[in-house]
Amino acid sequence: MTLAYPDKELFAVNGHAVVKDVFNAAELSAILAAIADADKTNNTFRKTDALFAIRQVLKEVPALTKLIFNERFKAVIDNLFGDGYFVVKSIYFDKPPTSNWFVAWHQDLTISVDKRIELNGYGPWTVKQNQLAVQPPINILQDNFTVRIHLDDADEGNGALKVIPGSHLKDIYRPETIDWQTEQPHTCVVGAGGVMIMRPLLMHASGRTTNNRPRKVIHIEFSRAELPHEIRWSERMDMDVF
């Protein structure tokens, strides 16, 4: 399976890229089987009619690390970003075929940390499912990146991510200030086994499912920033152990 690596200059301008066929059908089946076999009693698991999600999924389902961090996946990251990055957050999303769940336009402005301490440049703070998160200095967000592993085909009909190319270069960009006369949204169509890579400051959204097809995604965030000694990344996992 030959990979077509993203163009680094285009990624820098657009803030997103899609890489096809990073995982084959057998590898996808193994990933889904590991998730299906996981103990779902912890409070990091959330299941409703509209959404099934597992926060800290790489910790909750440790078998996933070797399944996901194969040579092709690591080569994509190394080619685009180089060395020095580590995992700081991981979530599994399962958006069922009948889901009316959607996400409005937003940037990913927070990082997950282990404790709350008032630090200059860090704030506001939030808590979601017992996980502390804080908005860090913008330079950390500018250098971080997210990889979304698609376990199903995704297009506009089942809530594929929509993005505003280049919006990551506008620092904090409030949804209410979006000028739809100049911005041109793009739907990131990704086949099963492909990955979508993006900067957290890229403005993005997803719609409701209209074609009765599922959309399962593993969302992994990476950083190379060392935080102040008072706090730690709550999910830090160094890639050299995979």
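The values are calculated or read from the model by the stated rules, or taken from the named source; none is laboratory data. Remember, it's a predicted structure, so these values are computed and weren't measured experimentally. Note that we place each Cβ from the backbone using ideal geometry, even for glycine, and neighbour counts take in every protein chain shown.
Key figures for this structure:
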item	result
Filter result for ASN158 (of a type in the set (S, T, N, Q), in contact (Cβ under 8 Å) with a residue 40 or more places away in the chain and at positive phi)	no
Number of positions in the range 175-234 that are of a type in the set (Ser, Thr, Tyr) and touching a helix residue (DSSP H, G or I) at 6+ places or on another chain (Cβ under 9 Å)	1
Residue list for the range 1-33, restricted to those being of a type outside the set (Lys, Arg), assigned to a loop (DSSP other than H, G, I, E, B) and more than 13 Å from ARG199 (Cβ to Cβ)	MET1, THR2, LEU3, ALA4, TYR5, ASP7, ASP21, VAL22, PHE23, ASN24
Residue list for the range 3-15, restricted to those being crowded, with 16+ Cβ neighbours inside 10 Å and either among the small types (Gly, Ala, Ser) or in contact with a His (Cβ under 8 Å, 6 or more places away or on another chain) (or both)	GLY15
Positions within the range 209-239 being basic (Lys, Arg) and under 30 Å from PHE102 (Cα atoms), in sequence order	ARG213, ARG215, LYS216, ARG236
Positions within the range 199-230 being in contact with a Gly (Cβ under 6 Å, 6 or more places away or on another chain) and either in a strand (DSSP E or B) or farther than 20 Å from ASN14 by Cβ (or both), in sequence order	SER206, GLY207, THR209, THR210, ASN211, ARG215, ARG224
Residues (surrounded by fewer than 22 Cβ atoms within 10 Å (Cβ to Cβ), hydrophobic (A, V, I, L, M, F, W, C) and touching a Pro at 6+ places or on another chain (Cβ under 9 Å)) located in the range 198-217	ALA205
Any hit, the range 167-182, residues being of a type in the set (A, V, I, L, M, F, W, C), free of Cβ contacts under 8 Å to residues at least 40 places away in the same chain and assigned to a loop (DSSP other than H, G, I, E, B)	yes
Single residue of the range 80-101 satisfying the filter (closer than 21 Å to LEU161 by Cα and small (Gly, Ala, Ser)) that is modelled with the lowest pLDDT	SER99
Residue in the range 186-193 that is hydrophobic (A, V, I, L, M, F, W, C), touching a Phe, Trp or Tyr at 6+ places or on another chain (Cβ under 7 Å), modelled with pLDDT of 95 or more and on the phi < 0 side of the Ramachandran plot present	no
